[in-house]
Amino acid sequence: MESKEKARKRIEELYKLIEYYDRKYFIENNPVISDQEYDILVDELSELERRYPEFARPDSPTKRVGGKPVDQFKTVRHEIPMLSIDNTYNEEELREFDRRIKRALGRDVEYFCELKIDGVAVSLLYEKGVLVRGATRGDGFVGDDVTENIKTIRNIPLIVPIDQKMEIRGEVYMLKLDFERLNREKINLGEEPFANPRNATAGSLKLLNPKEVARRRLRFFVYSGFFEKEGPATQKQVLQFLENTGFPVNPERTAAKSIEEAIEFCTNWENKRYELPYAIDGIVIKVNSIRDQEILGSTLKSPRWAVAFKFPAEQATTLIKDIIVQVGRTGTLTPVAILEPVHLAGTKVTRASLHNFDEIERLDVRIGDRVFVEKAGEIIPKVVKVVKESRTGQEVRIKPPEKCPVCGSAVVKEEDEVAYRCPNVSCPAQVKERILHFGSRKAMNIQGLGERIVDVIVDTGLVRDYADLYSLKSEQIERIERMGEISSRKLVENIQLSKNAPFQNLIYALGIRRIGERASETLAENFASIDELRKADEEQIASIPEIGFEAARSIKEFFDNPGNNEVIEKLRKAGVSMARTQPIKKHGKLSGMRFVITGTMKNYTREEMKTELKKHGARVVESISRETDYLIVGENPGSKLEKAKNLGIKIITEEEAIKMLRGEI
Ligand code: IVH
C-alpha cells in the first residue's frame, strides 16, 4: 500500500518536473537539463506507469517517445481542403491586395499579421478534447496520416479542455540549431545532410519510425482553427483562444488597422528575421474578421482573404564556374567558389566560401556543379549542397594545391588541423592580409587603409610588414598611387594617430593565431605590457580562464619567432604604445572559481547572475563536473542538484551567492 502511494506521488512529481522542463525548453527556449537527463526522467515515468497503469495520464509525456514503426502511411482526405496562399513580393502588390478586398466588401477592414514559418503544414484533429489524427497537407485534398509522428512533437497538446470537434492547422518546424545538430550527425554517419530546416522537417515527418522522429526535436506553431460549433469572431481571437487552450502560438503577431500598418510589420521583420532561432520566409496578412473571410471565400487554389509577403530568398541554386584558392593572414588556404551570378537575399552573389578542403570533400563539390547557395544573416554566402542529379559527368574535381598560388612555397598541413597553409610569412598575400587586419577597426583602427592601397604599398616594396606603415610619408603614397594630396596626408595622419590605440587593440592587431578580440581583451587585463606577455610561460597563460592551451601555444609560437620580435621592436621604435595605460582591475574576487547554476533565481535572471559572477572573474559553465566549485541552487532545481550531491560539490543558495558577490562571505 505504502509503495503504491509512493509510486502515485512520484508519478505526480515526474509529471510536474517534465512539464517544467518542457516549458523551459519549448516556451522559454532555455533548456535546463540535457537530453539524456530528460530521457532518464521519462524512462522512470514509463516504468512506473507500466506497473501502476491506474495512475497514468492519457496525455503523459511517455506517449511522446514514439510507437512502433509502420510500413507505410494511410492516406486521409481533408474535410476542408488545405489551400495555399498567393505570394506578393513588394509593397505595391500588397496595396493591390488591399484594394481588391475593399472593392469586394465595399468598406475598410482590419488585418492580422503573422510570421510565415518556413516549415511543413499539418492538420490536427481533436475529438472530445483528444488528438485523434495528425496529417500532412499532401496535395491539399489528400495527405498522409502521420498521427504517431505528430504525437512525438512535445509542444503539441495531446489533450485539450475543449469538448467540440475541432481541426487545428499550423506549421511543424525545426530550430536552426537542431537542424545543424541533425546535419552534423548525418555527416558523421556518412549520410547526405539536408539542405535547409524545412527539408529536414519534411523528411522527419515522413519517417516510418516514430522513435526516430521523437529524436528530431520538431516543434509546432498553430495558425488557424476550425470549430464544429461556434468559434471566435476574429483571427486575433482564434489565436488567443488557442493559446489559452495550451497550443503554441507564435508571439510575434499583430492586428493592423490598415495595409500601411501591415506593410510596416513586413519591412520590420525583413530586417529582424535573422534574430529568430527558426527560419521564416515571409509574413502572412489575413483579413481579421472570420465573417469577412467567409464572405470573401476562396478560389480553387487559395483564399481571397489572405496574402503572403515573401522575403527575398535566402537560398538559390547556381553553377560553380571555378574554384580558386585565397591565402589568408596566417597563411591558411581557403577555397572559394566563383559562381554564375545569382540573386540571393536582395544582393547579387558571385562568390561563396567553401571554408576548407575537407568541406569540398564532404560536399563533394566539383567545378561545373549546380549547387545550393545560402545567405542566412551572414555576409558571405556559403555552398550548402550539390544537386547531384544535375551532373553531366563533365564536372572537374579539385585537389588541395601543392604550392601556394601567390608565392609558390610548398604548402604544409599540420596533422591535427584541417587547413592547408602557406608557411612563408613573407608571402605577399599573407603580408597584405596582416596589414589589413592590423589597420582594421577593432585593431589599430586606421581609417583609409583599404585593400587597394595595401596592394600597392606591398607590391611596390614600400611596406614589408605592419611596422613599416609608421615610416610611410604622404609624398610616397601620393607618388605611387593616384591618390590626392589631402587623402594621402590624412592616411599618414591616421597611421600616426593609431600609435596610441588601447593595449588590447594592439594585442589583437598583432594577428596572433587564435587570438581574437575577446582573448585580446582578457590578455590585456592579465598582462600590463607586451614584454610581460612575452615573458609569461605557456602554462601561466593557459591558466587564465577563457584562454586555454591552444591559444597559449599560439602566443608562445608567435613570440618564439625572431621575425615577429623584430617587427615588435620596430613598432616600439616608431613610438607605438606597448603597454596598458589605464589600470584594469586584475583578478576578481571569484577569479578561477567555477560555478554552475540550476533552477530559477528570485532576484536575478540566470543570465544576470552569470554576468555578475563573470564580472568578478568566475567561470560559469553548464554542466557539473569534478572541477565545479559551487552549485547555485534556485527554485525547482534540475538533476544537477543530485549530481552535485553525489560528487560532493559545495551547494549554495542564491542568497549565499549574492553574499559572495558582495564579498560578505
Ligand atoms: S495561413 C489557406 N499562416 O504557408 C492557407 N500559413 O504558402 C492558410 N504558413 O501552407 C495558411 N506560416 O504551411 C498561414 N502564419 C501562417 C503561416 C502559414 C506558415 C505556411 C502554410 C501554408 C503556406 C502557404
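The values are calculated or read from the model by the stated rules, or taken from the named source; none is laboratory data. These numbers come from a predicted model, not from an experiment. Cβ placement follows ideal geometry from the backbone for every residue including glycine, while neighbour counts extend to all protein chains displayed.
Looking at the range 130-153, which of its residues are in a loop (DSSP other than H, G, I, E, B), touching a strand residue (DSSP E or B) at 6+ places or on another chain (Cβ under 9 Å) and surrounded by fewer than 19 Cβ atoms within 10 Å (Cβ to Cβ)?
GLY138, PHE141
Could you tell me which residue of the range 37-69 is nearest to the ligand (Cβ to nearest atom), considering only residues that are among the basic types (Lys, Arg) and modelled with pLDDT of 90 or more?
By that ranking, first place goes to ARG50.
For the range 271-293, name all the residues that are in contact with a Gly (Cβ under 9 Å, 6 or more places away or on another chain), modelled with pLDDT under 95 and more than 12 Å from the ligand (Cβ to nearest atom).
Answer for the range 271-293, where residues must be in contact with a Gly (Cβ under 9 Å, 6 or more places away or on another chain), modelled with pLDDT under 95 and more than 12 Å from the ligand (Cβ to nearest atom): ARG273, TYR274, GLU275.
Restricting to the range 294-306, what's the tally of residues that are outside any loop (DSSP other than H, G, I, E, B) and within 10 Å of the ligand (Cβ to nearest atom)?
Count: 3.
Would you check which residues across the range 70-80 are under 12 Å from ALA135 (Cα atoms) and either of a type in the set (Ser, Thr, Tyr) or within 16 Å of the ligand (Cβ to nearest atom) (or both) and list them?
Within the range 70-80, THR75, HIS78, GLU79 qualify.
Please determine, by comparing only the residues of the range 383-393 that are surrounded by fewer than 17 Cβ atoms within 10 Å (Cβ to Cβ) and either under 24 Å from the mean Cα position of the chain (by Cα) or in a loop (DSSP other than H, G, I, E, B) (or both), which one is modelled with the lowest pLDDT.
Of everything passing the filter in the range 383-393, VAL387 is modelled with the lowest pLDDT.
Given the conditions (1) outside any helix (DSSP H, G or I); (2) within 36 Å of the chain's Cα centre (by Cα); (3) within 16 Å of the ligand (Cβ to nearest atom), and given that LEU94 satisfies all but one, which numbered condition is not satisfied?
(1)
One line per residue, one yes/no per condition, for (1) assigned to a helix (DSSP H, G or I); (2) of a type in the set (D, E, K, R); (3) within 41 Å of the chain's Cα centre (by Cα):
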site	(1), (2), (3)
LEU449	no, no, yes
ASP455	yes, yes, yes
LEU462	no, no, no
GLN476	yes, no, no
MET483	no, no, no
LYS490	yes, yes, yes
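In the set VAL109, VAL76, VAL42, which member is surrounded by 15 or more Cβ atoms within 10 Å (Cβ to Cβ), part of a loop (DSSP other than H, G, I, E, B) and in contact (Cβ under 8 Å) with a residue 12 or more places away in the chain?
Checking each option against the conditions leaves just VAL109.
Okay, residues lined up against (1) assigned to a helix (DSSP H, G or I); (2) in contact with a Ser or Thr (Cβ under 8 Å, 6 or more places away or on another chain):
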{"residue": "GLU521", "(1), (2)": "yes, no"}
{"residue": "GLU532", "(1), (2)": "yes, no"}
{"residue": "ILE544", "(1), (2)": "no, yes"}
{"residue": "ILE555", "(1), (2)": "yes, no"}
{"residue": "GLY563", "(1), (2)": "yes, no"}
{"residue": "VAL567", "(1), (2)": "yes, no"}
{"residue": "ARG572", "(1), (2)": "yes, no"}
{"residue": "SER577", "(1), (2)": "no, no"}
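Would you check if there is a residue in the range 81-89 being within 16 Å of the ligand (Cβ to nearest atom), of a type in the set (A, V, I, L, M, F, W, C) and farther than 15 Å from ILE285 by Cβ?
yes
If you go through the range 322-367, how many residues are more than 18 Å from PRO312 (Cα to Cα) and in a loop (DSSP other than H, G, I, E, B)?
Qualifying residue count for the region: 10.
Could you please tell me which pairs satisfy a Cβ distance under 7 Å, a separation of 6+ or placement on different chains, a first residue in the range 634-650 that is at positive phi, and a second residue that is part of a strand (DSSP E or B)?
Cβ pairs passing all conditions: ASN636/THR600.
Just checking, how many residues over the range 154-187 are assigned to a loop (DSSP other than H, G, I, E, B) and away from the ligand (no atom under 15 Å from the Cβ)?
Result for the range 154-187: 12.
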